[in-house]
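Here's the structure we're looking at; comments come further down.
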4 protein chains.
Amino acid sequence: MLSDEDLYVFDTTGFLVVRGAFDADEVRRFRAELDELSATEPYANTERFDDLTAHSPTFGKLALDDRVVGRARDVINQPMRLLEAYALRRQRHSALYLHGGYAELLDMPDRTVGRDLSIMHTYHDGRIYCTYVKALIYLSAIRTQEDGSFCYLHGSHKANFPLLRARARRGERRSLIDEGFPTLADVFVEAGDLLLLNEALMHGTRRKLSDGDRTLLAFSYGPTFLVDWRELDGETADLRGQGYVDHDVEEDFVR
Amino acid sequence: MLSDEDLYVFDTTGFLVVRGAFDADEVRRFRAELDELSATEPYANTERFDDLTAHSPTFGKLALDDRVVGRARDVINQPMRLLEAYALRRQRHSALYLHGGYAELLDMPDRTVGRDLSIMHTYHDGRIYCTYVKALIYLSAIRTQEDGSFCYLHGSHKANFPLLRARARRGERRSLIDEGFPTLADVFVEAGDLLLLNEALMHGTRRKLSDGDRTLLAFSYGPTFLVDWRELDGETADLRGQGYVDHDVEEDFVR
Amino acid sequence: MLSDEDLYVFDTTGFLVVRGAFDADEVRRFRAELDELSATEPYANTERFDDLTAHSPTFGKLALDDRVVGRARDVINQPMRLLEAYALRRQRHSALYLHGGYAELLDMPDRTVGRDLSIMHTYHDGRIYCTYVKALIYLSAIRTQEDGSFCYLHGSHKANFPLLRARARRGERRSLIDEGFPTLADVFVEAGDLLLLNEALMHGTRRKLSDGDRTLLAFSYGPTFLVDWRELDGETADLRGQGYVDHDVEEDFVR
Amino acid sequence: MLSDEDLYVFDTTGFLVVRGAFDADEVRRFRAELDELSATEPYANTERFDDLTAHSPTFGKLALDDRVVGRARDVINQPMRLLEAYALRRQRHSALYLHGGYAELLDMPDRTVGRDLSIMHTYHDGRIYCTYVKALIYLSAIRTQEDGSFCYLHGSHKANFPLLRARARRGERRSLIDEGFPTLADVFVEAGDLLLLNEALMHGTRRKLSDGDRTLLAFSYGPTFLVDWRELDGETADLRGQGYVDHDVEEDFVR
């Protein structure tokens, strides 16, 4: 489903934007559907709609739509499953600090490690193999940094060095989404655009300063041996706990 | 817990044998405990005891024993969980064909792929990261090929080429455990020995031809985002199916 | 000599710009020194000064200057040597098509290959290992694309897929330096800036359309077992020929 | 020229033995040819015949023989050249300590590094790419360890950890060729056999204790951008020195 150049771009940059993957009618319908669902507000000025496929047949169908699944399959290349489905509707003064990155650190009780296998990816014989791929479907246009644009660090999906902790150690406790960084870049989108993301990319969003909502749907896919996404603080004593343990993210460090 | 040389051996060969990890009393106790449990017979002359930790406090405790878990952690280096716990008690004329291998093929409905991310492993900054590690605790001595020794292909845990399908295509439908191969090797053990295995290694056992049982306990560990081991035929239509889809193994091919 | 963030940037992007590495006096002196040397004109509107260290003590010293060598060493991490030293002075209507790229193809008499070991690079235990590193010292400011800016494809130093031949096959025989590409980006510099380049990055320059010269010095470094740079058409019959055989570059394809 | 299984074996083990590559007449002719050449004695009980192709048309032709070159090409996959051609004729009490290994350490004046790019190898899209490949043509049978058999550490051509220095630090200053190691293995050959070797494998020979000579021819191949083999102590001050700087080998450590 992805062309050779789509694969080149996804491989070298860690993401791919498909312009106009969904038309205006669909965007309208998805926005209306969200209005019917209830949300939590985990972050300031941010509504989160969880478990979309359980609460909405429309979104249940969308999670299986070939425009999304077909593209995800081309970069996962494993029998796969849906790991999570949620929406975010954000208003002025919301933000999302940087997270991801291929070599950020994770403290375990007796050691610090520099790989998170839940975002491992590799290449073999003409195919990309990603463990965790997110499909973002934008229901708002985001045309400026003030609209809270998606931003990322170039090449961070294949980074060999960690970045965040070293900065924190030096006392640089402000987010790169505010401060900038030589390799920080933005993606601007229209409603209906699809962004296919290798979760190994270090990414976040700028601080939203403009009026109007910033709304998107997110569907994550991975191989069939992965559990549904849920946060886990760490290994449990009975070694039966399931979930995803975050390595360093900006949220751990910035004020 | 593993020494530098243990790590060197595990990294370069895909497994590590810890001689006498458990003493004769423990072996006796584990064997007695198995006698209390019920088994299925999935293969000829082979009893399988499933879900050991659910049925036996002794084995529940063993699954958390630092002699096992501590070593597994040194080659997984992620917050981890127990993925399966079972025992096999095999008699004369049982066998286990070769499976695993880092580049064997898997047919998906519309493509063939050459990586199985459930057995991915990598190295970064002084640490090995394995997705699936099995700890085999031997409760019988296996001193000859006729005892059904563990056998494996040298270096297959890092193989770049597939092996099995090419053989099958040429009509070579007998198992390498019978035929041999230039790089096929055996491991001989005593009761109480522990074999720590990177599941990416292509391995199996020789055909057991001697009297007496061949009994072992197996505990598998992996990162916390992995589901319990269960076989899955392939991706399910609702993309919610969970499990492990096997790539090519000898069982698919040999007569 | 490179900071942690310098290494992060070089690793993730394939190059590093050191602003103001040389001061205005030095730039003036280097420009004056070039005026004393003779050049060839291998491309239209482009003078090339070869073998700088043989013809100029000033440049001989510069090739060993720690500001250049120290930085190159931090990304080569091998006992090293100087592989070439040249300057380019370009005028209006000069251009440099894209070359490099980590997975572009090379035809050998009986096979096509997708790696060029002369630009291999890897990472191990906290260090980057590059085979071929070029240090570009700019003696002119290049502030716009019309000045013939250095341009490159994001992440192409770690590309798993080839790009150029597929385009040529489709008949797309215009250079990306004119056409653009979603991941093509520019670097703007001042005189005195140093650009440290992993030769595996696909890079070139825009077509120079502005007045004034575009002048730079280039010093290439690599491990001591590499021969001096010279172009070689291919393996010689006596297997004694020495040199560098180019894989696909835009020059092979564009009109 | 190499079959799929040859490639599997070379990839997974780091070498390949081709039985009977040269017939008894050829072996006789090669031995007679050596008798005409002069040798040095760089090690006890070991004659070394250097630069074979310069001194013997027979060996000049052999260095280009497709049985050797064709196989080397299949694991180098680059335009290539001959890097060295020599013979060793060894007698009782000669030995060759272990050298090679993919992650052994090298001290540079200001840092220690863990990769030697002159023995780098990788895999991409169905092909192996080796930087340094040696073809050993045996002119004597070596049927026991006492004959001074070729020995190697399993999987050391892809080792992620260093081995030798850690041992030396602990005061273990005897060679593994005498002491053994869990993963040390031997190769036994007949006269006329060819051993194709990835130089990244840690290898050496047992101590020769039997009567009769142990004679072989060695031809090394690599990409065209490599200099002829010569030992270099380290980077030269003018950055023009050419050659190969050894990382840790047993010879540095054993008594």
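Conditions (1) in a helix (DSSP H, G or I); (2) within 14 Å of chain A (Cβ to nearest Cβ), marked per residue:
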position	(1), (2)
C:L7	yes, yes
C:L16	no, yes
C:E33	yes, no
C:R71	yes, no
C:D74	yes, yes
C:L82	no, no
Open item on the list: I'd like the full set of residues that are exposed (fewer than 14 other Cβ atoms within 10 Å of the Cβ) and farther than 19 Å from D:Y152 by Cβ, limited to segment D:5-27.
Closed with: D:G20, D:D23, D:A24, D:D25
TODO: Scan (1) assigned to a strand (DSSP E or B); (2) more than 13 Å from chain D (Cβ to nearest Cβ) for the single condition B:E146 breaks and write down its number.
DONE: (1)
- [ ] Mind counting the residues in segment D:84-112 that are part of a loop (DSSP other than H, G, I, E, B), facing another protein chain (nearest Cβ under 10 Å) and not aliphatic (A, V, I, L, M)?
- [x] 4
- [ ] Mind listing whichever residues of segment A:60-81 are open to solvent by less than 10 Å² (accessible area, probe 1.4 Å) and either closer than 21 Å to A:Y43 by Cβ or under 16 Å from the mean Cα position of the chain (by Cα) (or both)?
- [x] A:A63, A:V68, A:V69, A:A72, A:V75, A:I76
TODO: Answer with yes or no whether C:L217 is open to solvent by 10 Å² or more (accessible area, probe 1.4 Å) and either at pLDDT 95 or above or over 17 Å from the mean Cα position of the chain (by Cα) (or both).
DONE: no
Open item on the list: I'd like the full set of residues that are in contact with a helix residue (DSSP H, G or I) (Cβ under 6 Å, 6 or more places away or on another chain), touching a residue at least 60 places away in the same chain (Cβ under 8 Å) and aliphatic (A, V, I, L, M), limited to segment C:8-50.
Closed with: C:L16, C:A21
TODO: Looking only at segment A:205-222, decide whether some residue is assigned to a loop (DSSP other than H, G, I, E, B), on the phi > 0 side of the Ramachandran plot and within 9 Å of chain B (Cβ to nearest Cβ).
DONE: no
Task: Among residues of segment A:35-69, those that are of a type in the set (A, V, I, L, M) and not in a loop (DSSP other than H, G, I, E, B), counted - done: 5
- [ ] Output the number of the condition that A:A44 fails; it satisfies all remaining conditions of (1) open to solvent by 70 Å² or more (accessible area, probe 1.4 Å); (2) at pLDDT below 95; (3) aliphatic (A, V, I, L, M).
- [x] (1)
Task: Hits in segment D:43-74 - residues which are closer than 23 Å to D:G204 by Cα and not aliphatic (A, V, I, L, M) - done: D:Y43, D:N45, D:T46, D:E47, D:R48, D:F49, D:D50, D:D51, D:R71
- [ ] Please work out which one of (1) open to solvent by 40 Å² or more (accessible area, probe 1.4 Å); (2) under 16 Å from the mean Cα position of the chain (by Cα) is the condition A:A39 fails and give its number.
- [x] (2)
- [ ] Output yes when any residue across segment D:53-62 is at positive phi and in contact with a strand residue (DSSP E or B) (Cβ under 8 Å, 6 or more places away or on another chain), and no when none is.
- [x] no
Open item on the list: Contact list please: Cβ distance under 7 Å, first residue in segment D:128-155 and open to solvent by 20 Å² or more (accessible area, probe 1.4 Å), second residue among the charged types (D, E, K, R), pairs at least six apart or on different chains.
Closed with: D:K134/D:E199; D:A141/D:E190; D:Q145/D:D186; D:Q145/D:R206; D:D147/D:K208; D:D147/D:R214
- [ ] Consider B:D116 carefully, then state whether it is buried (at least 17 other Cβ atoms within 10 Å of the Cβ), more than 23 Å from B:V68 (Cβ to Cβ) and away from chain D (no Cβ under 14 Å).
- [x] yes
Task: Test: C:P162 is within 11 Å of another protein chain (Cβ to nearest Cβ), open to solvent by 10 Å² or more (accessible area, probe 1.4 Å), in contact (Cβ under 8 Å) with a residue 60 or more places away in the chain and over 17 Å from the mean Cα position of the chain (by Cα) - done: yes
Task: Residues being within 14 Å of B:S140 (Cβ to Cβ) and either at pLDDT below 95 or not in a strand (DSSP E or B) (or both) - total across segment B:189-204 - done: 4
TODO: For C:T144, state whether it is closer than 30 Å to C:H93 by Cα, at pLDDT 95 or above and hydroxyl-bearing (S, T, Y).
DONE: yes
Task: Restricting segment B:165-178 to residues that are assigned to a helix (DSSP H, G or I) and over 21 Å from the mean Cα position of the chain (by Cα), the residue that is surrounded by the most Cβ atoms within 10 Å (Cβ to Cβ) - done: B:R167
Task: Filtered residues of segment B:173-204 (kept if within 10 Å of chain D (Cβ to nearest Cβ) and out of contact with any strand residue (DSSP E or B) (no Cβ under 7 Å at 6 or more places or on another chain)) - done: B:P182
Open item on the list: Looking for something in contact with a Cys (Cβ under 7 Å, 6 or more places away or on another chain) and free of Cβ contacts under 8 Å to residues at least 60 places away in the same chain - is there at least one such residue anywhere in segment C:170-184?
Closed with: yes
Open item on the list: Condition first: free of Cβ contacts under 8 Å to residues at least 60 places away in the same chain and closer than 18 Å to A:G222 by Cβ. Now tell me which residues in segment A:51-75 satisfy that.
Closed with: A:D51, A:T53, A:L64, A:D65
- [ ] Could you tell me which of the residues A:L163, A:L184, A:L98, A:L105 is touching a Pro at 6+ places or on another chain (Cβ under 8 Å) and within 25 Å of C:G14 (Cα to Cα)?
- [x] A:L105
TODO: Test A:G243 against the stated conditions and say whether it is at positive phi and within 11 Å of another protein chain (Cβ to nearest Cβ).
DONE: yes
Open item on the list: Please determine whether any residue of segment B:224-237 is out of contact with any helix residue (DSSP H, G or I) (no Cβ under 7 Å at 6 or more places or on another chain), open to solvent by less than 10 Å² (accessible area, probe 1.4 Å), farther than 22 Å from B:Y8 by Cβ and in a strand (DSSP E or B).
Closed with: yes
Task: Top-ranked residue of segment B:95-113 - restricted to ones that are of a type outside the set (A, V, I, L, M), surrounded by fewer than 21 Cβ atoms within 10 Å (Cβ to Cβ) and touching a residue at least 12 places away in the same chain (Cβ under 8 Å), ranked as farthest from B:R71 (Cα to Cα) - done: B:P109
Open item on the list: Looking for something in contact with a Lys or Arg (Cβ under 6 Å, 6 or more places away or on another chain) and either among the polar types (S, T, N, Q) or closer than 21 Å to D:A87 by Cα (or both) - is there at least one such residue anywhere in segment D:226-239?
Closed with: no
Open item on the list: I need the full set of residues from segment D:128-168 which are of a type in the set (F, W, Y) and over 27 Å from D:R29 (Cα atoms), in order please.
Closed with: D:Y129, D:Y132, D:Y152, D:F161
Open item on the list: Just checking, does segment D:114-129 include any residue being over 18 Å from C:D116 (Cα atoms) and in a strand (DSSP E or B)?
Closed with: no
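The values are calculated or read from the model by the stated rules, or taken from the named source; none is laboratory data. Since the model is a prediction, treat every value here as computed from it, not as a measurement. Reconstructed Cβ throughout: ideal geometry from the backbone, glycine too, with neighbour counts over all protein chains shown. Quick note on the areas: whole protein, heavy atoms, side chains included, nothing else; ligands and nucleic acids left out. Shrake-Rupley method; radii C 1.70, N 1.55, O 1.52, S 1.80 Å.
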